[in-house]
Each structure stands twice: as structure tokens, then as C-alpha cells.
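Visitor: Below: one structure in C-alpha cells.
The values are calculated or read from the model by the stated rules, or taken from the named source; none is laboratory data. These numbers come from a predicted model, not from an experiment. Note that we place each Cβ from the backbone using ideal geometry, even for glycine, and neighbour counts take in every protein chain shown. Keep in mind that these areas ignore ligands, DNA and RNA; they rest on the heavy atoms of the full protein, side chains included. Shrake-Rupley method; radii C 1.70, N 1.55, O 1.52, S 1.80 Å.
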Amino acid sequence: MVDISVSIAGLHLRNPTMLASGVLGMSGKLLKRVASAGAGAVVTKSIGPKPRPGHPNPTFVELPYGYLNAMGLPNPGIDEFVQEIKIAKESGVPVIVSVFGQSPEEFAYVAERAEKAGASAIEVNVSCPHAEVGLIGQDPVLTREVVRSVKERVKIPVFVKLTPNVTDITEIACAAEKAGADAVTAINTVKAMYIDIESAKPVLSNKIGGLSGPAIKPIAIRCVYEIYESVRIPIIGVGGIQNWKDAVEFFLAGASAIQVGSGVIMGLNIFRDICGGIKRYLERKGFTKLREIIGLAHR
Ligand code: SIN
């Protein structure tokens with residue numbers, strides 16, 4: 001029997017799959033369903049200090065090669081959301097709360113409240129490609145300030161979700177590591193746009209959004225590969241994962257765990273299917289533990 005359990009900064013996962021932030025993560029009940037479907041951990045939608053309506057519609061468009069969204073970080077605010085964290089905790093899998101704010105203090109405040117509500121870890125979202133907070137993740141100094149502030153206030157592990165919309169993602173990963181981050185999540189969506197040629201207007205109300213899905217997988221793999229050579233903390237890979245082969249590619253590039261975002265559109269079976277495929281791959285290749293293949297492509 002091969003062992004595909006993983007430990008990220010002391011957080012034990014029965015398998016290396018997680019639900020990515022932003023998908024089905026606004027409700028405790030849905031997070032429980034994802035856990036029952038086999039995910040090793042779940043990440044909530046990004047939560048801020050107060051309720052936020054997000055951008056007006058249209059906020060989401062399906063493209064032949066991926067999905068473009070600019071939701072605008074809609075969320076009920078942490079005071080309301082603590083209830084959902086408590087419900088999600090009933091699932092028994094780690095519940096990672098994605099947090100954002102306008103300042104290091106706001107990030108820390110939300111993280112502290114999430115920890116008190118039972119969060120297993122925090123994922124700091126400094127990387128939304130079309131909101132002001134996304135700018136933080138493009139600047140190593142601001143990233144360091146936010147991560148330090150969160151680390152000072154919580155005891156649970158802190159992950160930092162990185163943006164690919166920078167010249168050198170390793171610079172930001174290193175800044176996060178120096179500030180005490182326990183892991184980095186790579187990558188958030190790629191800044192993108194879609195124009196309807198009949199109306200001659202951008203389709204999204206926000207005009208610019210973030211691209212996810214299969215189109216961004218090679219970008220995400222490149223980012224994970226580069227980060228692996230630059231930091232010692234674990235990397236959680238995300239971006240366009242649709243099946244076990246995609247997941248294995250992320251492990252070989254250096255990811256210790258993976259997240260599935262828009263891939264859940266194909267159905268929640270995706271978590272069990274990915275785990276089954278990883279196990280068969282490891283057996284076929286003569287490995288006994290998932291960790292034996294992490295970073296193998298760097299030989
Ligand atoms: C959004 O809510 O607009 C997306 C959040 C993100 O990409 O971080």
C-alpha cells in the first residue's frame with residue numbers, strides 16, 4: 001500500500017488534495033460536502049474584516065481554455081463567517097481560512113478571529129489579480145509586512161498565496177519565507193481579459209479579471225519549479241489541475257500538496273479520482289510514499 005498522506009507545517013492531511021479558495025468555500029455545508037467527497041483539506045473563500053458585495057455581474061465567463069473571473073472578493077465578513085468555519089470543522093479535515101484586508105492589521109485581525117473560530121491554518125491572499133489587495137503580493141516589502149503581522153497574531157500555520165503576475169515570483173516567495181510563512185500556495189489566477197466583438201466591450205463588469213483552468217497549468221508548473229529552487233518551506237501547487245496526471249506533474253515540480261479550483265466544475269469525484277491515480281502511478285513506478293516524488297524533476 002502506498003502512502004499519500006502529507007504533513008504541511010505540522011498540518012496532517014489524509015491525502016494531498018485540497019479545495020482551492022474561491023470555489024464552493026463560502027458555506028460550511030458545502031465545505032463539508034467537499035470533504036466527504038474525498039478532499040484532504042478545504043480552503044474557504046477569501047474573507048475580509050467586513051461584508052463586501054463584490055463586483056456587479058458579469059463576474060464570470062467560461063472560455064474554451066479556462067475561466068475568467070472578477071468576483072471582487074465578495075464575502076460576508078469574518079464576524080458572520082465564524083459560524084461557517086465551525087460547521088466546516090465538523091468535516092474532520094483541516095479547514096484553511098483564506099484571509100484578506102486593506103492593511104497588515106486587517107489581515108491579522110481576520111486571521112486571529114478565524115483561528116479563534118477553529119481554523120486549522122490561514123491562507124493569506126495577497127494575490128487577487130483585480131483587487132487592490134493584489135498589489136500587496138507584487139511587492140516583497142508589503143508581502144513581508146502582511147505576513148509578519150499575521151504570524152505575530154496566530155499560532156496556526158500561515159500559508160501565503162502568490163500571484164504569477166510578477167516578473168520574478170521567487171522574490172515574493174523568499175519575502176514570505178523570511179517573514180515566517182510556513183508554506184506558499186502557487187499560483188493565484190493570471191491577469192486576463194475578454195472582449196465581446198459584437199458589443200465591442202469587455203465582458204466582465206470589472207473589465208479585467210483572473211484566468212484559471214487548464215490554460216494556466218504550464219505557468220503554474222513553471223512557478224512551482226522556480227519557487228522550489230528558492231525556498232525551503234513547502235509549496236502547495238494550484239492552477240489548472242483537472243486529473244491525477246496534472247497533480248503528479250505538480251509534485252515532480254516540487255509541490256507537497258495540490259489544490260483543485262475550477263476543476264470541481266467537472267464534479268466532486270475529482271478528489272477521489274486524483275488520489276486513485278496518484279496511488280496507481282506511485283505503485284507502477286515502484287514508490288511507497290508520495291514524498292519520494294516531490295521535486296523529482298529537479299534531478
Ligand atoms: C475574486 O473574488 O475576485 C477572486 C479572488 C482571488 O482571485 O483571489
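Visitor: Stretch Ile87-Thr167 to full length: gain in nm at 0.36 nm per residue minus the Cα-Cα span?
Guide: Net length gain for the segment: 24.8 nm.
Visitor: Listed highest first by mean packing, meaning other Cβ atoms within 10 Å per residue, what order do 203-212, 282-291, 263-272 come in?
Guide: Final packing ranking: 203-212, 263-272, 282-291.
Visitor: Beyond 18 Å between alpha-carbons counts as too far, so tell me which of Lys116/Lys155; Lys116/Lys161; Lys161/Lys217 fall in that bin.
Guide: Violating the 18 Å Cα-Cα cut-off are Lys116/Lys161.
Visitor: Within 14 Å, Cβ to Cβ, of Ile172, how many net charges do the neighbouring residues add up to if Lys/Arg are +1 and Asp/Glu are -1?
Guide: -3
Visitor: Please name whichever of Pro64, Ala181, Ser91 sits farthest to the positive end of the charge dipole of segment 29-184, dipole taken about the Cα centre and charges placed at Cβ: Lys and Arg +1, Asp and Glu -1.
Guide: Working it through, the farthest residue towards the positive pole turns out to be Ser91.
Visitor: Quick check: pseudo-label points 7 Å beyond the Cα along Cα→Cβ at Thr288 and His12, how many nm apart are they?
Guide: Roughly 1.9 nm, to one decimal.
Visitor: Local charge sum around Gly213 (other residues, Cβ-Cβ under 14 Å, Lys/Arg +1, Asp/Glu -1)?
Guide: -1
Visitor: Gain in length, Lys29 to Glu152, computed as 0.36 nm per residue apart minus the alpha-carbon separation, to one decimal in nm?
Guide: 41.2 nm
Visitor: Something else now. Taking K and R as +1 and D and E as -1, what net charge do the other residues with C-beta under 13 Å from the C-beta of Glu283 add up to?
Guide: Once positives and negatives cancel, what remains is +3.
Visitor: Here is a further query. Testing the spin-label approximation: label points 7 Å from Cα along Cα→Cβ at Lys191 and Val2. State their distance in nm.
Guide: Modelled inter-label distance: 3.9 nm.
Visitor: Heavy-atom accessible area per residue, the chain, 1.4 Å probe: how many Å²?
Guide: 42
Visitor: A further question on this structure: About its Cα centre, how strong a charge dipole does segment 128-194 have in debye, to the nearest 20, once Lys and Arg get +1 and Asp and Glu get -1 at the Cβ?
Guide: Using only the charged Cβ atoms, the result is roughly 220 debye.
Visitor: Between Asp139 and Ile208, 0.36 nm times their residue separation minus their Cα-Cα distance comes to what?
Guide: Working it through step by step, the gained length comes to 22.8 nm.
Visitor: While we're here: Where in segment 23-51 does the amide nitrogen come within less than 15 Å of the point 7 Å from the Cα of Asn243, taken along Cα to Cβ?
Guide: Answer for segment 23-51: none.
Visitor: Across all directions of projection, what mean area in square nanometres is found for the Cα convex hull of the chain?
Guide: Result: a mean projected hull area of 14.3 nm².
Visitor: Right, something else. Roughly what % antiparallel, to the nearest 5, for the DSSP beta bridges in the chain?
Guide: Antiparallel bridges: around 40 percent, rounded to the nearest 5.
Visitor: With each label point set 7 Å from Cα along the Cα-Cβ vector, what nm distance links Ala200 and Phe60?
Guide: 3.1
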